[in-house]
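Engineer: Mind having a look at this structure? Questions to follow.
The values are calculated or read from the model by the stated rules, or taken from the named source; none is laboratory data. All values reported here derive from a predicted model rather than from experimental measurement. A quick note on method: Cβ atoms are made from the backbone with ideal geometry, for glycine too, and the neighbour counts reach across all protein chains shown.
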Amino acid sequence: MTITDGFSSEIGSLRAGPFDLGYRIEGNGMPVLIVGSAIYYPRTFSRALREKLRLIFIDHRGFAPARATFAAADIGFDTVLDDIERMRVHLGLERFAVLGHSGHGYMALEYAKRQPQHVSHVVMVGTGPSHSLAHLTLADRLWEETAAPERKAIFDKEMSELASDIAARPDERFKSLLIRLGAKSWHQPDFDASALWRGVTVNNPVFDHLWGETFRDIDIRKHLNALTAPVLLALGRSDYLVAPASTWDEYRADFTDLTVRMFEKSGHTPQLEESALFDEVLLSFLNPGNVRA
């Protein structure tokens, strides 16, 4: 597993309310808009993929520097989705695929429902149907029943050190948690993700609201009939952070065109953990030679 960084890029930012939303564009080919952090996510996609696709990484408000004090009204889900549209206009994009990893998968899906004329494909990576108590309880049960003792021992050790991390860097609480959750996040349970997070801004109130409330209550079936793009759902066998893959079964019939792919040697981030296979699956799904940007 390698971490990709330093690829030739176009870098810029867009002011949205009190936030400066960064973007980073790398590669050539069919455009793929990747929602999340313009610093973190370029490190998780392969260099080879940039030879086939134009990867457009954009911040949302959870990862963007705030130039002024922000309020609850500045961090709602609708505002985040509006920011994606602002960025589309700013970058002059007309037709593209949109990809979201983890909770960002909901951003990708909901944006595609609102702007079907601009979205050719939707890719959701490591995303559960919701972050509801019911779904997360099933994730906990999967962990208890299937995780190896060695994996659980690593998890217990990492969790014992989390409180000291947060005390030392309270503004990086969300980042520290995700790094310490490695045994539930990665196929290789002792993988250290610190390098992926280096230099990444994290606004804790945004994540508390979106992950703790919005994605807890989200109903992905709502307005699904407005979706015209095909959807790829990429899941990792060793992902214990989100609901088990089986929880998607009751939603499959609600999608007009859904492709599900399981990555057997991945956890939460198959684009990094099994990059060659992920690239193959993604390119086959997008079929970029037949899509006009």
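Engineer: Yes or no: segment 21-29 includes at least one residue that is out of contact with any strand residue (DSSP E or B) (no Cβ under 9 Å at 6 or more places or on another chain), farther than 24 Å from Val231 by Cβ and buried (at least 18 other Cβ atoms within 10 Å of the Cβ).
Structural biologist: The answer is no; no qualifying residue exists.
Engineer: Return yes or no: is Ala68 assigned to a loop (DSSP other than H, G, I, E, B) and either crowded, with 17+ Cβ neighbours inside 10 Å or basic (Lys, Arg) (or both)?
Structural biologist: On the way: assigned to a loop (DSSP other than H, G, I, E, B): yes; either crowded, with 17+ Cβ neighbours inside 10 Å or basic (Lys, Arg) (or both): no.
So Ala68 fails the test.
Engineer: I would also like to ask the following. One residue is enough: does segment 246-259 have a residue meeting the conditions outside any loop (DSSP other than H, G, I, E, B) and more than 21 Å from Ser132 (Cα to Cα)?
Structural biologist: At the first step, the residues of segment 246-259 found to be outside any loop (DSSP other than H, G, I, E, B) are 246-254, 258-259.
Now drop any that are not more than 21 Å from Ser132 (Cα to Cα), which leaves 258-259.
The answer is yes, given that some residue of segment 246-259 is outside any loop (DSSP other than H, G, I, E, B) and more than 21 Å from Ser132 (Cα to Cα).
Engineer: So, one more: For a quick check of your reading: which helices (runs of 4 or more DSSP H) sit entirely within segment 127-212 and have at least 3 residues that are at pLDDT 95 or above and under 24 Å from Arg261 (Cα atoms)? I'd like the intermediate steps shown before the answer.
Structural biologist: Details: elements: 133-146, 149-160, 162-168, 173-180, 182-185, 194-197, 204-209.
Output list reads 133-146, 182-185.
Engineer: Against the definition (over 17 Å from Val206 (Cα atoms), in contact with a Gly (Cβ under 6 Å, 6 or more places away or on another chain) and at pLDDT 95 or above), how does Leu49 come out, yes or no? Break it down stepwise before answering.
Structural biologist: Details: over 17 Å from Val206 (Cα atoms): yes; in contact with a Gly (Cβ under 6 Å, 6 or more places away or on another chain): no; at pLDDT 95 or above: yes.
Answer is no for this residue.
Engineer: Out of all the residues in segment 9-24, is one or more assigned to a loop (DSSP other than H, G, I, E, B), charged (D, E, K, R) and modelled with pLDDT under 95? Quick ask: steps written out before the conclusion?
Structural biologist: Initial filter on segment 9-24 (assigned to a loop (DSSP other than H, G, I, E, B)): 9, 17-18.
Now drop any that are not charged (D, E, K, R), which leaves none.
No, segment 9-24 contains no residue that is assigned to a loop (DSSP other than H, G, I, E, B), charged (D, E, K, R) and modelled with pLDDT under 95.
Engineer: If you check Ala167, Ala139, which single one turns out to be on the phi < 0 side of the Ramachandran plot and buried (at least 17 other Cβ atoms within 10 Å of the Cβ)? Explain how you work it out, then say what you get.
Structural biologist: Details: Ala167 fails: buried (at least 17 other Cβ atoms within 10 Å of the Cβ).
Residue meeting the stated conditions: Ala139.
Engineer: Among His209, His268, His187, which is the only one that is closer than 22 Å to Leu55 by Cα, in contact (Cβ under 8 Å) with a residue 12 or more places away in the chain, surrounded by 14 or more Cβ atoms within 10 Å (Cβ to Cβ) and of a type outside the set (Lys, Arg)?
Structural biologist: Working: His209 fails: closer than 22 Å to Leu55 by Cα; His187 fails: closer than 22 Å to Leu55 by Cα.
The conditions single out His268.
Engineer: Next up: What are the pairs, 6+ residues apart or on separate chains, where a residue within segment 114-135 that is within 16 Å of Leu282 (Cα to Cα) and in contact (Cβ under 8 Å) with a residue 12 or more places away in the chain has its Cβ under 6 Å from a residue that is crowded, with 16+ Cβ neighbours inside 10 Å and hydroxyl-bearing (Ser, Thr, Tyr)?
Structural biologist: From residues that are within 16 Å of Leu282 (Cα to Cα) and in contact (Cβ under 8 Å) with a residue 12 or more places away in the chain, the pairs are Gly126/Ser102.
Engineer: For Ser132, all conditions in the list (1) within 18 Å of the chain's Cα centre (by Cα); (2) among the small types (Gly, Ala, Ser); (3) farther than 22 Å from Val200 by Cα; (4) buried (at least 20 other Cβ atoms within 10 Å of the Cβ) hold save one; what is the number of the exception?
Structural biologist: Only one criterion is unmet by Ser132, namely (4).
Engineer: Name every residue in segment 216-236 that is touching an Asp or Glu at 6+ places or on another chain (Cβ under 6 Å) and surrounded by 15 or more Cβ atoms within 10 Å (Cβ to Cβ), in order of residue number. Even if it seems obvious, please write down each step before you answer.
Structural biologist: As a first pass, look at segment 216-236 and keep what is touching an Asp or Glu at 6+ places or on another chain (Cβ under 6 Å): 221, 224, 230.
Leu224, Pro230 - these are the residues of segment 216-236 that are touching an Asp or Glu at 6+ places or on another chain (Cβ under 6 Å) and surrounded by 15 or more Cβ atoms within 10 Å (Cβ to Cβ).
Engineer: With respect to Leu178, is the statement that it is on the phi < 0 side of the Ramachandran plot, out of contact with any strand residue (DSSP E or B) (no Cβ under 8 Å at 6 or more places or on another chain), buried (at least 17 other Cβ atoms within 10 Å of the Cβ) and free of Cβ contacts under 8 Å to residues at least 60 places away in the same chain true?
Structural biologist: Yes; evaluated as a whole, the condition is true for this residue.
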